[in-house]
1. Quick check: anything in the range A:301-321 open to solvent by less than 10 Å² (accessible area, probe 1.4 Å) and in contact with a Cys (Cβ under 9 Å, 6 or more places away or on another chain)?
2. Would you mind telling me which numbered condition in (1) modelled with pLDDT of 65 or more; (2) outside any helix (DSSP H, G or I) residue B:86 fails?
3. Return the only residue of B:26, B:58 being out of contact with any Asp or Glu (no Cβ under 9 Å at 6 or more places or on another chain), away from chain A (no Cβ under 13 Å) and either open to solvent by less than 10 Å² (accessible area, probe 1.4 Å) or aromatic (Phe, Trp, Tyr) (or both).
4. How many residues are assigned to a loop (DSSP other than H, G, I, E, B) and open to solvent by less than 30 Å² (accessible area, probe 1.4 Å) if we restrict to the range A:223-251?
5. So if I check each of B:38, B:69, which one is part of a helix (DSSP H, G or I), modelled with pLDDT under 85 and in contact with a Ser or Thr (Cβ under 8 Å, 6 or more places away or on another chain)?
6. Can we say residue A:137 is small (Gly, Ala, Ser), modelled with pLDDT of 80 or more and open to solvent by 40 Å² or more (accessible area, probe 1.4 Å)?
7. Going through B:123, B:81, B:64, B:75 one at a time, which residue ends up being modelled with pLDDT of 90 or more and either open to solvent by 30 Å² or more (accessible area, probe 1.4 Å) or within 22 Å of residue B:14 (Cβ to Cβ) (or both)?
8. Kindly indicate whether any position in the range B:101-117 is open to solvent by 80 Å² or more (accessible area, probe 1.4 Å), over 17 Å from residue B:19 (Cβ atoms) and at pLDDT 85 or above.
Amino acid sequence: MKTDHEWARELFERSRQGEEPAWVADHAAVVHTGRRRNRVRAVAASASVLVTAAAVAVVAIGVGAGVGRKPPVPHPGQSVTPGPTKSAEATGPSAVLDYAGFGTFGTVNSGGKNFTLGISSTTARDTMRLLTELDPALSHIAKWTPPLPTDVRLVPDGDAMARNLSSLGATIWWTDSGIPAVTARASGTEVPTGTLILSFADAVNGSQMGTGSCAPHGASADYLLHPTLTPERHWTDTVQWSPCTKATLPDGSTLLSQTKSDGSLDVADVTRKFPGGRGQIELAWANFPFPTPDLGPDPKRVVSPNPVTVDMLVAAMSDSSLASPLASGR
Amino acid sequence: MRGPDEKEFAELVAGRSHSLRRTAYLICGDWHQAEDLVQTALVKLYCAWGKVNRRDDLDAYLRRTLVNVCIDEKRRGWWRREWPTSAPPDVPDTSAVPVDDRDLLVSGLRRIAPGQRAVLVLRYWEDLDVEETARVLGCSTGTVKSQTARGLAALRAVVGDRTVSDTPSSADTSAMKGCS
């Protein structure tokens, strides 16, 4: 009895003797096909290189121009050391769009309706400086997640979009846990939420807002603690502002501050007017969301105890490194 | 990538194409398809000439490529195959009687698993040892041994101890056609 191996050897050996159809391999066809495939591969490789180069160029241009939310080149002396903490990450100017909802603005030249809001590097840096002064770990200031749909981008100082701004306003939300701002402001939510309004105005707008007067003409006028409808059908607040407090900073800036309260409701407003009519920055705080005039503040959404006092605002606005607003772009 | 010298490549094709076709025929069971598979393997060699231009590597590369294109052809989905629509269908005549031992062998190989078939062809037709077979197929020597044993058992069960001398010769018997 043959083994399987021996049996297979014999079978395969016998099979070598069989007839087979005539055939001549077409070497010319092989060469032709091979060359064609090599050409196709070369073209595909070249196309791949071109596509990759184009993609890299687009990304590079986007980053260089500050498109979208990409950060501009940091200023000299500015810390760019990455760190694991939220605060360290957020203090970079690029984080400003995550925390400050820029939405209101005025322009010097209003030509063109499709205006893209350009936030200069200096404005971004000063905004983050103010926010981290109030909330060093940024554990309460809520991120805009997802980002606001407005077309806002960071641009270098001197960029045409930044130069064209005459005023600029941002809304910042504050919660105990720092939950995303979109959640905090969602309809029907009962999350206690504070509101910071940050406004920049150039020389023209600043002077129109009443130099030497403590009467708030900015966003803080919207904080109605006890709304009342006047006979002229205007909403007004029966709660009065405190007397105006004025201080002069070493650089000649004037710091104006005032508050008003009603029970657990607290509002504070601090305005820094830069010397020589170089514009102003206003930072207003309320420990509740914007109320609708007919209803007034929602007591369920009051952040209590009040985490941001007027003294904190004054300290933040007294920072000597704050630049005169929007001037850097001119 | 630089291609081979035309004359050199023509000599290579002429010298190896028939041997390769026989191997391909044992695996696929169809002479025409075997010719196509050999052409495909040679084209692949031409395209990869810069990588395998050493003489010692040519045969190993061709063998490996040929087995791979045979397996790829088997794996090709039914939707990518050509299906004749005119009668008669090009399918094997199961009633056909082998006219020689090669037909007998091919009819048996077609009835065992493709992996076992490739191992047996490489071991007993190409006379490769276990290690060389494992390199060509890209598997372990243990796999080659086990596939060889199972393949031999399966083939012997199908073919038995028959030879063409055991089968009646007939003028109207036809060789198998078509690929499994």
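The values are calculated or read from the model by the stated rules, or taken from the named source; none is laboratory data. The shown structure was predicted, so the numbers you read here are calculated from the model rather than taken from an experiment. Note that each Cβ is placed from the backbone with ideal geometry, even for glycine, and that neighbours are counted across all protein chains shown. Side chains are part of the model used for accessible areas, which takes the heavy atoms of the whole protein and leaves out ligands, DNA and RNA. Shrake-Rupley method; radii C 1.70, N 1.55, O 1.52, S 1.80 Å.
1. First, pick out the residues of the range A:301-321 that are open to solvent by less than 10 Å² (accessible area, probe 1.4 Å): A:303, A:308, A:313, A:316-317.
From what's left, in contact with a Cys (Cβ under 9 Å, 6 or more places away or on another chain): none.
No; the residues of the range A:301-321 include none that is open to solvent by less than 10 Å² (accessible area, probe 1.4 Å) and in contact with a Cys (Cβ under 9 Å, 6 or more places away or on another chain).
2. (1)
3. Working: B:26 fails: away from chain A (no Cβ under 13 Å).
On inspection, the qualifying residue turns out to be B:58.
4. Here the count works out to 5.
5. Details: B:38 fails: modelled with pLDDT under 85.
None of the others qualify; the one that does is B:69.
6. Numbers: small (Gly, Ala, Ser): yes; modelled with pLDDT of 80 or more: yes; open to solvent by 40 Å² or more (accessible area, probe 1.4 Å): yes.
So residue A:137 fits the description; yes.
7. Numbers: B:81 fails: modelled with pLDDT of 90 or more; B:64 fails: modelled with pLDDT of 90 or more; B:75 fails: modelled with pLDDT of 90 or more.
Testing whether each residue is modelled with pLDDT of 90 or more and either open to solvent by 30 Å² or more (accessible area, probe 1.4 Å) or within 22 Å of residue B:14 (Cβ to Cβ) (or both) leaves just B:123.
8. yes
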